[in-house]
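The values are calculated or read from the model by the stated rules, or taken from the named source; none is laboratory data. Values in this document were obtained by computation on a predicted structure and should not be read as measured data. Glycine also receives a Cβ, built like all others from the backbone with ideal geometry; neighbour counts cover every protein chain displayed. Areas reflect the complete protein model, heavy atoms only, side chains present, ligands, DNA and RNA absent. Shrake-Rupley method; radii C 1.70, N 1.55, O 1.52, S 1.80 Å.
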Amino acid sequence: MQKYYPRVMDSILDFGLRASGAVLIRGPKWCGKSTTAEQKAASVVFMQDRETSAQNIELAKNAPPLLLDGPAPRLIDEWQVVPSLWDQVRYEVDKRGENGQFILTGSATPLDEPEGVGSSLYEHSGIGRINPLTMRTMSLFESQDGTGAISLSALFEERDIEPSQCGLTLKDYAYLVCRGGWPRAVGLDHDVALEQPYVFYNGLVNDDINRVFKRAKNPERIKRFMRSYARAVSTETSIAEIRKDMAANDESALSDETIALYIAAMEKLFVIENLPAWNPNLRSKTAVRSSDTKHFVDPSIATAALGLGPEDLLNDLETFGLLFESLCVRDLRIYAESLKGQVYHYRDKKGREVDAVIHLRNGNWAAVEVKLANQERIEEAAGNLIKLVADIDTEKMKAPSFLAVVTATPYAYRREDGVYVVPLGCMRP
């Protein structure tokens, strides 16, 4: 039996169960939703278990109270196999009047599902009863590849941070970008671990993508889309530019609407997770750009789509830098979630930009730049962060809790100008 690595989601799930009647854990396939949910569940129903699925499906359709009867919290794994279970869980939560009754896990539903079953289901019919939580692949802290010496929470609390060291090298980070945070890859031999993102990717483009479309899509065209999107990671590349990139390798005409449909499908599968723009209160009248930065939920999806390995990244530091930024965004999202925070990016028409802005529910925020290892670029990034802060209108919003440059360098420390330099491998929630 594979070792269970504690997840940031563990504490988030605990709180979610205390705060609501049921919790929905959503996220990409293979990210560990079911395994994490099992750690907290008192009883379990597996809707896709080959030995019991036929019986469970019949119960769900004809006698749902029997299926939902069991010690709480009761886990219903892959609930979307019988979409009507959603309404039954909601009804049971109302009837019982107690929190912590159910944990639901599941993947995507069809893009054209009737209202009340697709994305609107999460936003409307479960409000007040079923709390949706997003789970991602493993961060470096969760996979125990990092030290976790620097706490994001401590940085927000403006506590003194002791200088520390991370033993990860550029070669290590290149491997971790390509291996990704897939739980089943952690602890495996080097080459076997690197194969796991390809297994995910091949299943995605050949099978999983068709779960959100009524008619099967051409796998080769999906692959071309994925490659084009991978080349756009950590940039604000437009749909029109992605279409042009695809058209260079595809004689068939593609519309922006088709590309948007592919993106929507990948979002439904929790494969694409773009970074929205942050709009602060500035003293100047600088126009702020509102385009999302393109990201997959895990950077290894991009390397699999492009057919890249660790050596390829080490030989192309520009591509490595963009994918390392995506790795940092993944981890920062996971850590921020535990603090009830979200991650954004910032760019204005003057060309000033910040790779990641972490904004907490209480209004506290921090600005983070990502630089691979070049000391000159780190200096430039720190200067840009300080310039941005000077333009923030602190009468309308709080000053930042901290500024940081996240790197692939060995040492974590606080610079004389107050900006932190933190290796990604040193970070934890």
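Within segment 222-275, if we keep just the residues that are polar (S, T, N, Q) and more than 21 Å from the chain's Cα centre (by Cα), the residue that is nearest to residue 27 (Cα to Cα) turns out to be 258. Of the residues making up segment 307-335, those that are part of a helix (DSSP H, G or I) and within 22 Å of residue 378 (Cβ to Cβ) number 19.
The set of residues in segment 129-181 being over 13 Å from residue 330 (Cβ atoms), of a type in the set (S, T, N, Q) and touching a strand residue (DSSP E or B) at 6+ places or on another chain (Cβ under 9 Å) consists of 131, 147, 151, 153, 164, 165. When residue 286 is tested against (1) modelled with pLDDT under 90; (2) open to solvent by 30 Å² or more (accessible area, probe 1.4 Å); (3) over 21 Å from the mean Cα position of the chain (by Cα), exactly one condition is not met: (2). Scanning segment 283-306 for residues that are assigned to a helix (DSSP H, G or I) and in contact with a strand residue (DSSP E or B) (Cβ under 8 Å, 6 or more places away or on another chain) returns a single hit, 302.
Taken together, the residues in segment 17-43 that are under 20 Å from the mean Cα position of the chain (by Cα) and surrounded by fewer than 22 Cβ atoms within 10 Å (Cβ to Cβ) amount to 5. Give the residue that is surrounded by the most Cβ atoms within 10 Å (Cβ to Cβ), with candidates limited to residues of segment 244-254 that are of a type outside the set (A, V, I, L, M, F, W, C) and at pLDDT 85 or above. Among those residues, the one meeting the criterion is 245. With respect to residue 409, determine if the residue is in contact (Cβ under 8 Å) with a residue 12 or more places away in the chain and either out of contact with any Leu (no Cβ under 6 Å at 6 or more places or on another chain) or under 27 Å from residue 323 (Cβ atoms) (or both). Here the answer is yes, as residue 409 does meet what is asked. In segment 108-132, the qualifying residues are those that are open to solvent by 10 Å² or more (accessible area, probe 1.4 Å), modelled with pLDDT of 55 or more and not aliphatic (A, V, I, L, M), and the one that is nearest to the chain's Cα centre (by Cα) is 132. Looking across 172, 160, one residue alone is open to solvent by 10 Å² or more (accessible area, probe 1.4 Å) and at pLDDT below 95. It is 160.
Residues to consider are 312, 292; find the one that is over 18 Å from residue 226 (Cα atoms) and modelled with pLDDT of 90 or more.
That would be 312, the only listed residue that is over 18 Å from residue 226 (Cα atoms) and modelled with pLDDT of 90 or more.
Residue count for segment 331-378 under the criterion of being within 17 Å of residue 234 (Cα to Cα), open to solvent by less than 30 Å² (accessible area, probe 1.4 Å), within 16 Å of the chain's Cα centre (by Cα) and not basic (Lys, Arg): the result is 8. Go through (1) crowded, with 16+ Cβ neighbours inside 10 Å; (2) within 30 Å of residue 143 (Cα to Cα) one by one and return the number of the condition residue 237 breaks. Residue 237 satisfies all of (1) crowded, with 16+ Cβ neighbours inside 10 Å; (2) within 30 Å of residue 143 (Cα to Cα) except (2). Taking the criterion of being more than 31 Å from the chain's Cα centre (by Cα) and free of Cβ contacts under 8 Å to residues at least 24 places away in the same chain, the residues of segment 57-96 that qualify are 58, 59, 61, 62, 63, 66, 67, 69, 95. For segment 379-391, the condition holds for no residue, the condition being that it is out of contact with any Phe, Trp or Tyr (no Cβ under 9 Å at 6 or more places or on another chain), open to solvent by 30 Å² or more (accessible area, probe 1.4 Å) and touching a residue at least 40 places away in the same chain (Cβ under 8 Å). Among residues of segment 133-146 that are over 14 Å from residue 172 (Cα atoms) and open to solvent by less than 10 Å² (accessible area, probe 1.4 Å), those with a Cβ under 8 angstrom from a residue that is of a type in the set (Asp, Glu) and modelled with pLDDT of 95 or more, sequence gap 6+ or separate chain, pair up as 137/298; 139/331. For segment 71-96, a tally of residues being of a type in the set (Phe, Trp, Tyr) and either in contact with a Ser or Thr (Cβ under 6 Å, 6 or more places away or on another chain) or over 15 Å from residue 25 (Cα atoms) (or both) returns 1.
Which residues, counting only those in segment 176-191, are free of Cβ contacts under 8 Å to residues at least 60 places away in the same chain and farther than 20 Å from residue 314 by Cα?
If the condition is that a residue be free of Cβ contacts under 8 Å to residues at least 60 places away in the same chain and farther than 20 Å from residue 314 by Cα, then 185, 188, 189 are the ones that fit.
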